[in-house]
Amino acid sequence: MSGNTRRWRLISCVSVAVASAAALAAGSALSGNDPALSPTWILDGMLLGLLLRCEQRTRRGIMAAAFLGATAGWIVLGHHFGTSLAFAGASILFASVATALFDAVLWHPDHLTTPRGLAIAVPVVLAVSPLVPAALLIMNFHVTVDDLFDNPPWRGVLMEALGLAVITPLTLNLVRRDMLLLLVPPLLAPTLVLAGLYAAIAAAVSLQQIGPMLFLLCPCLLFLVGRLGPAGAGLGILLTFLAGAASLLLERGTLVAAIGPEPGSAILFFQIMLIVLSAMVYALGAAVAERRQMNQALADQHARLSRKESLYRLLTDHASDVITRVHLDGRRLYVSPACTAMLGWSQAEMMDPNWQTRVHPDDLPGFSAVRTRMAAGEEYASNIYRYARKDGTWCWLETRMHMVRRADGTAKEFVANMRDITRQKETELALARAMAELAEKAATDGLTGVANRGRFDETLDQEWHRAMRSGETVALLMIDADHFKSYNDRYGHQAGDACLKAIARTVAEQIRRPHDLVARYGGEEFVVILPATSLDGGLDVAERIRAAIEGLDIPHEANADGVATVSIGVATAIPTPDIAPAGLVEAADAALYSAKRDGRNRVQASISPIRSAVVVPLLPHFRRAALTSQADRAV
């Protein structure tokens, strides 16, 4: 619990204790210290109203504060400590029982301020109201049970019941939320003026000696409620109570003149008068609140309608979209003026019976299919297509169509909203091209410009499965630059990079089919995927690559021929479910190893790339380089 919350609860408890003591003192003063007149009717009504208004978790604190305040009040009135505790406990017991009963029969405490709520509350009040005055008589004045039957304390019970009917609704009204609105600007000034005027009138009426003058309070109260609303009802009853209480304490005025100086009769008359006034002003307050809510609802609805109308006018006057009404047979019944700014066509030209001929030929089948569905009664459809502008350019349109039905539910026409999305489509196409370029760069080796290792793995897997479905042969070439480590050591890495670029470019130039792929496998190694290629076809391509690279005449003193050369291994396979693409790579790699072992600058093939790695020499017509003694694949 925060410090502010704790401080607020402490202030509330102290306020309840002080108010309880003051209410007990006021009730005792009004009753003229007559024990039979129940001096606790103000205290009990106030406590019951507070308990009904507050939450369950705070009721214990309020009852404790009220108990302390009532005990102190009884002590101040001259009673012993034990007796004061008993009297205060009787009030707390009454408030607890009454609160429980009210919780059971009322769905909201504010209903006690309505005539219907008061009618419901009367049986509850009559059921529990004898508790307090009977307890007071028995405990304090030594009245026996027989005395109670002989002389029932009916006036005390009636005073308690009537007092509850007055004070409880009054308390509920005074602690309602909208009462606080009267105490803050801009309502504070008119509230003070109206309350001051009514207080002066109530005091003048209560203190004069003519009884019928009391009826002057009715129109004044109704005026106050009409101006201040439901909260003004509680404020008016409070001021009336204070004026009447002052009249009784001073033993002068209308109440005393009409009833006499005997306290019991005057208080009962005073309570009845307050009940009558409360019933009128609370009913008027409820009517005023309902009217204000209705007026507010009407004002809100009017504001919403005004906003919608303004928005509708704004859209219709300034919308860039084209709105059309189209008959089920395709005839346009209406086209909004925005068509001229969007497409260059006038409204009459847009309603031409042959307007559909302006749809792009590639988009016409889809466009016609959507129109057919709408003509068949589909509720909603959308379409994106190209439409010819008057200047001959194409405009991308997004059209959303809604079906309009007659009162009997049959389809009548549909309304279409056409929006120019040319910039959006151009942006999408540009983005698609950029994404394609990005994907191409991501799949391209940064040095040589051919495909990278990731692109090779992906393509080999795709071609492998495609060949598995078609039963065709896949050929793979594994290419390695001869003695490339020595080339880097001799000529430098920049020259080595230039050499790799030249080799990659030459290999790519020898690949002539669009589905073939050249990729850098790693370091100075390259691979070529040849879909639907036999072993002889792969050997022909490999020999063409070898010869073209040798023909570049790139100086390389570490090679036997004095120029940069490559060794190539060729492998083929007809994919089946029981073998994997990695086997083809292993077979081609084994063939490459054999070519390097047999002297480099040559092409060799593997007959069975996966199940057996038997390497056979090429046909004699292929050029053979001089054999070397190196058998390793030196970089």
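The values are calculated or read from the model by the stated rules, or taken from the named source; none is laboratory data. On a predicted model such as this, the values are computed, not experimentally measured, just so you know. Glycine gets a Cβ as well: all are built from the backbone with ideal geometry, and neighbour counts include every protein chain shown.
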Worksheet item: Name the residues in region 369-397 that are without any contact (Cβ under 8 Å) to a residue 12 or more places away in the chain and within 26 Å of LEU429 (Cα to Cα), would you?
Response: ALA369, GLY392, THR393
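Among the listed residues TRP41, TRP74, identify the single one that is touching a helix residue (DSSP H, G or I) at 6+ places or on another chain (Cβ under 9 Å), of a type in the set (A, V, I, L, M, F, W, C) and either more than 18 Å from PRO169 (Cα to Cα) or assigned by TED's automatic domain parsing to the domain that holds LEU242 (or both).
Working: TRP41 fails: either more than 18 Å from PRO169 (Cα to Cα) or assigned by TED's automatic domain parsing to the domain that holds LEU242 (or both).
After ruling out the rest, the residue left standing is TRP74.
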Practice prompt. Please enumerate the residues belonging to region 285-310 that are without any contact (Cβ under 8 Å) to a residue 40 or more places away in the chain, charged (D, E, K, R) and either surrounded by 12 or more Cβ atoms within 10 Å (Cβ to Cβ) or more than 20 Å from MET179 (Cα to Cα) (or both).
Written response: ARG291, ASP300, ARG304, ARG307, LYS308, GLU309
Fill in: From the options TYR387, TYR334, TYR282, residue that is within 30 Å of MET179 (Cα to Cα) and hydroxyl-bearing (Ser, Thr, Tyr)
TYR282
Practice prompt. Starting from region 504-523, keep only residues that are in contact (Cβ under 8 Å) with a residue 60 or more places away in the chain, then list their pairs with residues that are polar (S, T, N, Q) whose Cβ atoms are within a distance under 7 Å, requiring at least 6 positions of separation or different chains.
Written response: LEU517/THR459; ALA519/ASN452; ARG520/THR448; ARG520/ASN452
Worksheet item: Give me the pairs: first residue in region 560-576 and without any contact (Cβ under 8 Å) to a residue 40 or more places away in the chain, second residue buried (at least 16 other Cβ atoms within 10 Å of the Cβ), beta-carbon distance under 7 Å, and six or more apart or on different chains, which are they?
Response: GLY562/HIS556; VAL563/GLU550; VAL563/ILE554; VAL563/HIS556
Practice prompt. Spot the failing condition for PHE414; the list is (1) surrounded by fewer than 15 Cβ atoms within 10 Å (Cβ to Cβ); (2) not basic (Lys, Arg); (3) not assigned by TED's automatic domain parsing to the domain that holds ASP553, and only one is missed.
Written response: (1)
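Being modelled with pLDDT under 80, part of a helix (DSSP H, G or I) and not acidic (Asp, Glu) is the requirement here; does ALA258 meet it?
Yes; evaluated as a whole, the condition is true for this residue.
Please state which one of MET468, MET435 is in contact (Cβ under 8 Å) with a residue 24 or more places away in the chain and either touching a Pro at 6+ places or on another chain (Cβ under 8 Å) or more than 16 Å from VAL527 (Cα to Cα) (or both).
On the way: MET435 fails: in contact (Cβ under 8 Å) with a residue 24 or more places away in the chain.
Among MET468, MET435, only MET468 is in contact (Cβ under 8 Å) with a residue 24 or more places away in the chain and either touching a Pro at 6+ places or on another chain (Cβ under 8 Å) or more than 16 Å from VAL527 (Cα to Cα) (or both).
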Worksheet entry | Pair list, Cβ under 7 Å, 6 or more apart: region 189-200 residue closer than 21 Å to CYS218 by Cβ, other residue assigned to a helix (DSSP H, G or I) and charged (D, E, K, R) | LEU194/ARG227
Worksheet item: Listed residues THR427, THR422; which is free of Cβ contacts under 8 Å to residues at least 60 places away in the same chain and in contact with a strand residue (DSSP E or B) (Cβ under 6 Å, 6 or more places away or on another chain)?
Response: THR422
Worksheet entry | Matching residues, region 177-188, being charged (D, E, K, R) and in contact (Cβ under 8 Å) with a residue 40 or more places away in the chain | ASP178
Discussion item. Condition check: part of a loop (DSSP other than H, G, I, E, B) and either more than 19 Å from ASP480 (Cα to Cα) or modelled with pLDDT of 90 or more (or both). Does SER612 satisfy that?
Written reply: yes
Discussion item. I'd like to verify a number: residues in region 63-96 that are part of a helix (DSSP H, G or I) and touching a residue at least 24 places away in the same chain (Cβ under 8 Å), how many?
Written reply: 22
Worksheet item: For the subset of region 29-43 comprising residues that are touching a Ser or Thr at 6+ places or on another chain (Cβ under 9 Å) and at pLDDT below 85, which member is farthest from ALA98 (Cα to Cα)?
Response: SER31
Discussion item. Given the condition at pLDDT 85 or above, surrounded by 22 or more Cβ atoms within 10 Å (Cβ to Cβ) and not polar (S, T, N, Q), answer yes or no: does some residue in region 77-86 qualify?
Written reply: no
Worksheet item: Could you list, in sequence order, the residues of region 419-453 that are surrounded by 11 or more Cβ atoms within 10 Å (Cβ to Cβ), assigned to a helix (DSSP H, G or I), among the charged types (D, E, K, R) and modelled with pLDDT of 85 or more?
Response: LYS425, GLU426, GLU428, ARG453
